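**Q** Handing you this structure, nothing more for now.
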Amino acid sequence: MTETGEDVDLQEELGQIKQAMGLQEAYPYWWHFWIVEGLAVGVVFPIMQLGFREGFRPWIIALTVGVLIAYEVVLWRMISTYERPTTGVPSWRTWHIILFGGMGTLIVGTGPYVDAIEFAQLMPLWLVLVGTLIGVAYLYLGQLLSAYNIRDADCYAFFLGGFWSLILVATIPYVPAARGWEFAVFGVGYAVYCLSAYAVLSKV
């Protein structure tokens, strides 16, 4: 069965409407991850920094695990609140699995070299590796969303997040005041970006 000119025009119009709606209107369960992600990272990274500095005492481990569990519960409840479309955007959860898989690869792959690096230099190095992975992942996701015909504002938010992450990890190691608090500074900077993106996009 061939498509008529009217069918093609209708598909183009539907695509334009979908693009104009953006993530907030079309996929609210996905779009609201911004604020949850920002708060979770803004809390977990400083806690992890305390663990690096003071040792991962039981209360630090329990607090970290508690925040991560709360993060997953909030995501699950948020997703279950909305009727999820069968197609239309890439899976945010799958993207996270890929990202964490990359982090796991970094941990395993650099394991043999950790003992050769002083602890004071190890934390900035880990920050650069992890932050670069996050930045590249955000840039790729922004490009992927543009292929799904999502509005430019949402795509630019991901591009900005990627560049912002790369800028942070490229500059934090050179800031004397941030030494010993690299992960905490990155976590707060990442949280500010996520919450700012949520606030701006909600008004666009």
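The values are calculated or read from the model by the stated rules, or taken from the named source; none is laboratory data. All of these numbers come straight from a predicted model, not from anything done at the bench. Backbone-built Cβ (ideal geometry, glycine too); neighbour counts: all protein chains shown. All accessible areas refer to the heavy atoms of the entire protein, side chains included, with ligands and DNA or RNA removed. Shrake-Rupley method; radii C 1.70, N 1.55, O 1.52, S 1.80 Å.
**Q** Determine whether Y140 is of a type in the set (S, T, Y), in contact with a His (Cβ under 9 Å, 6 or more places away or on another chain) and either surrounded by 19 or more Cβ atoms within 10 Å (Cβ to Cβ) or assigned to a helix (DSSP H, G or I) (or both).
**A** No, not satisfied.
**Q** So in segment 158-177, with the set limited to residues that are open to solvent by 10 Å² or more (accessible area, probe 1.4 Å) and small (G, A, S), which one is nearest to E37 (Cα to Cα)?
**A** Among residues in segment 158-177 that are open to solvent by 10 Å² or more (accessible area, probe 1.4 Å) and small (G, A, S), the one nearest to E37 (Cα to Cα) is A170.
**Q** In this structure, is G55 out of contact with any helix residue (DSSP H, G or I) (no Cβ under 6 Å at 6 or more places or on another chain), open to solvent by less than 70 Å² (accessible area, probe 1.4 Å) and either farther than 24 Å from Y193 by Cβ or modelled with pLDDT under 85 (or both)?
**A** yes
To keep it simple, each residue is scored yes or no on (1) surrounded by fewer than 11 Cβ atoms within 10 Å (Cβ to Cβ); (2) more than 20 Å from the chain's Cα centre (by Cα).
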residue: V73; (1), (2): yes, no
residue: V89; (1), (2): no, no
residue: R93; (1), (2): no, no
residue: P112; (1), (2): yes, yes
residue: E118; (1), (2): yes, yes
residue: Q121; (1), (2): yes, yes
residue: V130; (1), (2): no, no
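**Q** Which residues, taken from segment 169-189, are outside any helix (DSSP H, G or I) and of a type in the set (V, I, T)?
**A** V175
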